[in-house]
Amino acid sequence: MANFTDHLKYLNSQGDRLRGLVESWANTNTAADNLAGLARQAELLRDAFAPLGGETTLVDLPPHERVDAAGGTVSVPVGHALSVVKHLHARPHVLLCIHMDTVYPTSSTFQRVERVTSDRLRGPGVTDAKGGIAVMLAALETLERSPFAGNLGWEVLITPDEEIGSPSSLPLLREAASRNDLGLLFEPALDEAGTLAGDRRGSGNFSLVVRGRSVHAGRNISDGRNAVIAAATAARMLDALGRELKGITVNVARIEGGSAVNVVPDLAIVRFNTRVDDAESMQHVRRCIDDIVADISARDGYTAALHGGFNSPPKTLASAMPLPDYLADCGRQLGIDIRFLPTGGVCDGNKLAAAGLPNIDTLGVRGGAIHSNDEFLLTDSLVERARLSALLLVRLAAGDLPPLPRNARNPEPPSSR
Ligand SMILES: [Zn+2]
């Protein structure tokens, strides 16, 4: 059997450089609404990927709609996505995907990367997912230096809105799913040991806008229709769904509404998230939510309108087969133990799987405390994980792994709302 690990030697000298790239990227704030920061980041990434020689595009994304505090929808602009495509007509064609935005607001106190020890960086987005961008870049550099470059087509897609559910990138993700044969996503591993995500639950975000009738609380309260109370009723009913239905959780996260204490409020908004184990549960809970909306709307003097949807349908490890087996085999050759565990978290891998693209989505770095001011990256994992993805790419390019069958298209693509 040919030993393809010989083609990974380039990576032995890349550790310091990759760490430096992560530092420079993570020192740039890229909250999903920080358009200036995202524009700077897109430029940095374009420069870093340019030597690969692919066709590079900064893709304009459409704004997305959000329900504001007045119960209306507002249009919200987003940053650009970076696309790099090379060897367009080679097969198989691989999508390499990750996001440049982070959860840290523009005003966050957590803005700079710090070298905690020789093998540990602490900083905003070092692990989720700027470390993953470095892993992806290094894996592609290795492939392109190998004698098999040109046998494998690839497309890089780095999006600016994943942390808010990819509302503007979704059409782009679906298009990418349709023209690639498999997907590699560089979200961080689930833990410091490097466990990868297997089955992922589905997730939907919703805003329920309840309207009633406003009157003076002292003069004619019985003519009023209290939207806050109706919203609270809906919230209790939603919460009960999560308690009563198997495989479904509902988190009522926020209720907005009301003004002065002598005014019966005519507007309230319930914001909630629901997670499901499988497609059947997703359809069932959606029907139950619609029933609750209809119940509130049927009450005299009230209306209720639901916004949002299941933007991330459930994803199974089985849908990616035999890709997980290929990765495990690469892991064996490198002495990396490959394990998959189910998780309740969602990512763009859910959306790509729903669009029919078999994918593995946690090929990024090992680290921890993501989405907190303690987020850290274990820097040894930059080269380690780049070796893993590079070996997979090189073996695919060399024809050492059988081509993947395309999955049947999901009849119900994820909602864009
Ligand atoms: Zn992420």
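Structure notes:
- For region 86-122 versus region 335-381, the gap between their alpha-carbon centres in whole angstrom: 12 Å
- What the Cα convex hull of region 212-256 gives, in volume per residue, is 72 Å³.
- Spatially close Lys pairs in the chain, defined by Cα atoms under 24 Å apart and a spacing of eight or more places or different chains, total 9.
- Peptides 2-14, 353-365 ordered by packing proxy, namely the average of other Cβ atoms within 10 Å per residue, highest first: 353-365, 2-14.
- J(HN,Hα) series, region 388-400, from Karplus relation 6.51 cos²θ - 1.76 cosθ + 1.60, nearest Hz, glycine and proline x: 4, 5, 4, 5, 4, 5, 5, 5, 5, 5, 7, x, 7
- In sequence order, region 99-104 has phi-based couplings of 10, 9, 7, 10, 7, 7 Hz under the Karplus curve 6.51 cos²θ - 1.76 cosθ + 1.60, θ = phi - 60°, and Gly or Pro positions carry x.
- Under-5 Å amide H pairs with Gly309, H placed in peptide plane, nonlocal only: Asn205
- Annotation note: trypsin sites (Lys or Arg not before Pro) in region 172-281 located in DSSP loop regions with a Cβ neighbour count of at most 11 within 10 Å are Arg219, Lys246.
- In order along region 340-346, phi translates into HN-Hα couplings of 10, 10, x, 9, x, x, 10 Hz, rounded to whole numbers, per the Karplus curve 6.51 cos²θ - 1.76 cosθ + 1.60 with θ = phi - 60° and x for Gly and Pro.
- Of all accessible heavy-atom area on region 85-235, the percent that carbon and sulfur account for (1.4 Å): 49 percent
The values are calculated or read from the model by the stated rules, or taken from the named source; none is laboratory data. In this text the structure is predicted, and so the values were computed from the model without any measurement. Using ideal geometry, Cβ is built from the backbone for each residue, glycine included, and neighbour counts are taken over all protein chains shown. To get the accessible areas, we keep the full protein, side chains included, count just its heavy atoms, and leave off ligands, DNA and RNA. Shrake-Rupley method; radii C 1.70, N 1.55, O 1.52, S 1.80 Å.
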